[in-house]
Amino acid sequence: MLAAHGDGVVTYQLQGDLGFAGVEIAIRRLVAEPKTVTHLVLDFARVTGIDIPATRMFLELLATLTAQNRNIVLVGLARHARLVRSLEEARSQQPPLRVSLFDEYDIALEWCENSLLRDQGVALAQREEIPLSKHELLENLAPDQIELLGRLMERRVYRERELVVRRGEAANELFLLVQGELMPGIAVSRPGNA
């Protein structure tokens, strides 16, 4: 299936300082991609800086690509706090940007592959909910301890792509994933219960 539809994913590796001229070249190439390209991966790992006008142009591009129903996947933004803040603001507006953020390129590509498979109607394996007594993090607890913990816990259900935790926030909660999948940065595939 991926061999037949893998050309729906295109990757761009950006590098150096991105100013007006550099972003304009990238934008022209991205906009020229055929409509069969449904996933655009932009790797920022080798970008040393992005100026304010380039950031604005980039956000406008992402809004255009979102309107075209394309999935935008951004990788390696750890050194670009201003762009990340701008993206978070833009993702909270209406209509929200269809942007997924990943730290690692391989994880981003895996997400794209899973997305392509879902788009083609291939059902990804969905596991049954794991009872707390079978959860690997709780395997050394006694049954009465697991029962007590279960009474103290709160069930939460997250939508696909919904942010569960934000890097850098105080860790004052423990999440146990009992169904679904999570990937760094976003929830994927189907809602997961934590």
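The values are calculated or read from the model by the stated rules, or taken from the named source; none is laboratory data. Not measured: the values here are computed from a predicted model. A quick note on method: Cβ atoms are made from the backbone with ideal geometry, for glycine too, and the neighbour counts reach across all protein chains shown. We work out accessible area using only protein heavy atoms, side chains counted, and drop any ligands, DNA or RNA first. Shrake-Rupley method; radii C 1.70, N 1.55, O 1.52, S 1.80 Å.
Here are the numbers for this structure:
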read-out	value
Portion, in percent, of the accessible area of the chain that falls on carbon or sulfur, probe 1.4 Å	52 percent
Rounded to the nearest 20 debye, dipole of region 53-179 from Cβ charges on Lys, Arg, Asp, Glu	660 debye
Contact order normalised by residue count of region 1-158, Cα under 8 Å, 6+ apart, percent	21 percent
Heavy-atom accessible area order for E60, E110, E33, largest first, 1.4 Å probe	E60, E110, E33
Helix-only mean residue ellipticity at 222 nm for the chain, each DSSP H run of n ≥ 4 adding -39500 (n - 2.57), per residue, nearest 500	-10500 deg cm²/dmol
For the chain: accessible area per residue (Å², 1.4 Å)	61 Å²
Spacing of the two label points (7 Å from each Cα toward its C-beta) at L177 and E24, in nm	4.3 nm
Förster radius 25 Å - calculated FRET efficiency between V165 and T64, Cβ distance, rounded to 0.05	0.25
Rounded accessible area of R166 (nearest 10 Å², 1.4 Å probe)	100 Å²
